Amino acid sequence: MTVVSRRRRRGGEQPMVPEAEFTSYYGRPVVKPTPWGPAIPAYMFFGGVAAGSAVLGAGADLTRRLALRRVGRLGALGAITLGFVALVDDLGRPTRFGNMLRVAKPTSPMSMGTWILTVFGPSAGLAGAAELRHLLPRRLDWLARLLGTFARPAGIASAVTAPGIATYTAVLLADTATPAWHEARLGLPFVFAGSAGSASGGLGMLATPLAEAGPARRMALGGAVLELAAQRRMEAGMGLAAEPLRQGRAGALMRTGKALTLAGAAGTLVASRHRQLAMAAGAALLAGSALARFAIFEAGQASARDPKYTVVPQRERLDQEQAHRVG
Amino acid sequence: MSTQLSGPDPSVAEHAGWQQPQPRKGFFTDTSICIGCKACEVACKEWNGVPDDGFNLLGSSFDNTGALGASTWRHVAFIEQRDDRGDFRWLMESDVCKHCTHAACLDVCPTGALFRTEFGTVVVQDDICNGCGYCVPACPFGVIDRRIGEKDTKNVGLAQKCTLCYDRLHDGMTPACAQACPTESIQFGDLDELRERAAARLSTLHDAGVEDARLYGHDPNDGIGGAGAMFLLLDEPEVYGLPPDPVVTTRELPAMWKKAGIAALAFAVGAVASFVGSKA
């Protein structure tokens, strides 16, 4: 009969920092990883693209940049549609999505997000549809005129709710017992806000002629700088829970994502003169943002699967309290 | 309605909106007299119609159940220990949902499917839950999960966990696990009374020289405002797979919303600045 070792140690490579010693029940997780699939980080990426695009679309509308307006509005419509489909598809019972609208609970970031989405989605959709109104057959002229009338107010409504769309998903992840998400709680909203700006600015650079893409370039650059700076700061404040962001699949995704965002940001600086360079930089920023979302998602899952990230900080906290009481 | 997110709360059902709350019900699981018979696991499955969660040999002593989950509402843990002198001891513990005073699963549920009953317990309404899965990572104990299985599996795709036999409580009955427990390791009753019973049992054991004995989940000042299901353990909580110092994640939620608000503002200012400085 085997005897369970009180302290779990890991073999293999010798780490520079000694492994934290801790006890667990057969190495099994204490907290559960979320049952969410890749649809959820995908939604968070698309939500960011949609939020930034809606803002670019409304800004372009008010400053008479027609090409940027079209890219912004259509980008917001497309991204939020993809995101919404991903979101519903990930439910255990997709047909019951409507139950999200039974209550409005400030203690549930998902509830709050749903309500922001019910304003953002239809208004971004309306503004996006207005960009396509010239495709309507003549007998639907009345609809085209209607879309034209409501396009601006709808676009502005989507832009006003966009900052909420860009940031609430950070609270959604952080408001869990998943160590790598919860410990990231103070920095994650800034990372996601930056990521949204970087990705949507990237889309603007990718799809808009140079002459009108100025605001997209600025948005992309500002977003990328915010994302990278906030990521650095966030990781520094996470303690042990930062480890999964640097290891394994999450670590590889994160490093690639950061490199792409950095390259995209550098490209942005010279993108006002070369369309092809602007397109490449925009694509890099989009990819960088997407990879960072998947990295953060994966790091959370890894931190939930390994009991170390739950037990060690809690044990340290208890030991400190005890030492404080005795001392 | 209360918006209290942490700390002691002696009237949790009343704060959830019940006008005639019942005395808060709970479990006291005394692991020092658990014999590992798993009658609780079986009784729970039978009464609540919980489907199987696989028939596996896990290689973890007599524990082939693994952990609490969507289809495991009582889980008996088996720990084999040998001390420095070679003496052997066997720890057994029947784990269950803690029915927290501040329940993260309930707080984050976006549909209201998870609710606080008049008995102060936390229950999923199967006809409301849409299987969003948010409660799963929210729980600091890893209790609740989304049920997986074939299309015709009962409540597949929904969040599932111990209901503290909500249906039996309505008829003044004892929950199935406590009813089936042959050693009264699982005790059911009014929470106030159980806390006294747990404290008395602890001092009996300490007087008898069992220095390892300790209570878990009994303290209303802990990170979850005290559990509705408390335990007497003979080793550190993490030995049994329990978090040593669990905290309800929503305790930090106001600070999180504040940061998100600042980040949203930064996003908005950045967006405006992108246009203000650009030539049309």
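Among residues of region B:196-221 being of a type outside the set (A, V, I, L, M, F, W, C) and touching a residue at least 40 places away in the same chain (Cβ under 8 Å), the one that is nearest to B:N48 (Cα to Cα) is B:G217. Within this structure, B:D30 fails the test of being within 14 Å of chain A (Cβ to nearest Cβ), more than 30 Å from A:S108 (Cβ to Cβ) and out of contact with any Pro (no Cβ under 6 Å at 6 or more places or on another chain). Filtered by the rule that a residue be among the hydroxyl-bearing types (S, T, Y) and facing chain B (nearest Cβ under 10 Å), region A:51-78 gives a lone residue, A:T63.
Being in a helix (DSSP H, G or I) and buried (at least 21 other Cβ atoms within 10 Å of the Cβ) is a property that A:T256 lacks. Of the residues in region B:165-179, none is among the acidic types (D, E) and at pLDDT below 95. With closer than 22 Å to B:F267 by Cβ and at pLDDT 95 or above as the only criterion, which of A:G223, A:G248 stands out? When all the criteria are applied, what remains is A:G223. Being in contact (Cβ under 8 Å) with a residue 24 or more places away in the chain and of a type in the set (V, I, T) is a property that B:I144 has.
Within region B:226-255, the set of residues being part of a loop (DSSP other than H, G, I, E, B) and out of contact with any Pro (no Cβ under 7 Å at 6 or more places or on another chain) comprises B:A227, B:G228, B:L234, B:D235, B:G241, B:L242, B:D245. Of everything in region A:292-327 that is within 9 Å of chain B (Cβ to nearest Cβ) and of a type in the set (V, I, T), the residue that is nearest to A:L226 (Cα to Cα) is A:T310.
Being in contact with an Asp or Glu (Cβ under 8 Å, 6 or more places away or on another chain), more than 9 Å from chain A (Cβ to nearest Cβ) and of a type in the set (G, A, S) is the filter; apply it to region B:224-254 and report the residue that is surrounded by the most Cβ atoms within 10 Å (Cβ to Cβ). The extreme case among them is B:G226.
Farther than 26 Å from A:G27 by Cα, within 14 Å of chain A (Cβ to nearest Cβ), more than 20 Å from the chain's Cα centre (by Cα) and crowded, with 21+ Cβ neighbours inside 10 Å, is that true of B:G270? Yes; evaluated as a whole, the condition is true for this residue. For B:D171, the conditions (1) out of contact with any strand residue (DSSP E or B) (no Cβ under 6 Å at 6 or more places or on another chain); (2) in contact (Cβ under 8 Å) with a residue 12 or more places away in the chain are fulfilled apart from (2).
Any residue in region A:79-86 that is free of Cβ contacts under 8 Å to residues at least 12 places away in the same chain, not in a loop (DSSP other than H, G, I, E, B) and not hydrophobic (A, V, I, L, M, F, W, C)? No, there is no match, as no residue in region A:79-86 is free of Cβ contacts under 8 Å to residues at least 12 places away in the same chain, not in a loop (DSSP other than H, G, I, E, B) and not hydrophobic (A, V, I, L, M, F, W, C). From the list A:S158, A:S200, the lone residue that is more than 11 Å from every other protein chain (Cβ to nearest Cβ), crowded, with 24+ Cβ neighbours inside 10 Å and either among the small types (G, A, S) or over 19 Å from A:G300 (Cβ atoms) (or both) is A:S158. For region B:48-104, the set of residues classified as among the aromatic types (F, W, Y), without any contact (Cβ under 8 Å) to a residue 40 or more places away in the chain and within 12 Å of another protein chain (Cβ to nearest Cβ) consists of B:F62, B:F88, listed by residue number. If you scan region B:63-90, which residues turn out to be among the aliphatic types (A, V, I, L, M) and more than 21 Å from A:G27 (Cβ to Cβ)? Selection gives B:A70 alone. Residues that are more than 10 Å from chain B (Cβ to nearest Cβ) and not aromatic (F, W, Y) were ranked within region A:79-115; the one that is surrounded by the fewest Cβ atoms within 10 Å (Cβ to Cβ) is A:D89. When the residues of region B:256-280 are filtered to those that are farther than 17 Å from A:T169 by Cβ and assigned to a helix (DSSP H, G or I), the one that is modelled with the lowest pLDDT is B:V276. Regarding region A:209-220, can at least one residue be identified that is without any contact (Cβ under 8 Å) to a residue 24 or more places away in the chain, among the charged types (D, E, K, R) and either part of a helix (DSSP H, G or I) or facing another protein chain (nearest Cβ under 7 Å) (or both)? So far as region A:209-220 goes, yes, one or more of its residues are without any contact (Cβ under 8 Å) to a residue 24 or more places away in the chain, among the charged types (D, E, K, R) and either part of a helix (DSSP H, G or I) or facing another protein chain (nearest Cβ under 7 Å) (or both). In contact (Cβ under 8 Å) with a residue 40 or more places away in the chain, part of a helix (DSSP H, G or I) and within 9 Å of another protein chain (Cβ to nearest Cβ): is that true of A:G264 in this structure? Against the criterion (in contact (Cβ under 8 Å) with a residue 40 or more places away in the chain, part of a helix (DSSP H, G or I) and within 9 Å of another protein chain (Cβ to nearest Cβ)), A:G264 does not qualify. Show me the strands (runs of 3 or more DSSP E) entirely contained within region B:4-111 in which 3 or more residues are surrounded by fewer than 16 Cβ atoms within 10 Å (Cβ to Cβ). Counting at least 3 such residues, we get B:88-96.
The values are calculated or read from the model by the stated rules, or taken from the named source; none is laboratory data. All of these numbers come straight from a predicted model, not from anything done at the bench. When we count neighbours, we look across all protein chains shown, and the Cβ atoms used for this are built from the backbone with ideal geometry, even at glycine.
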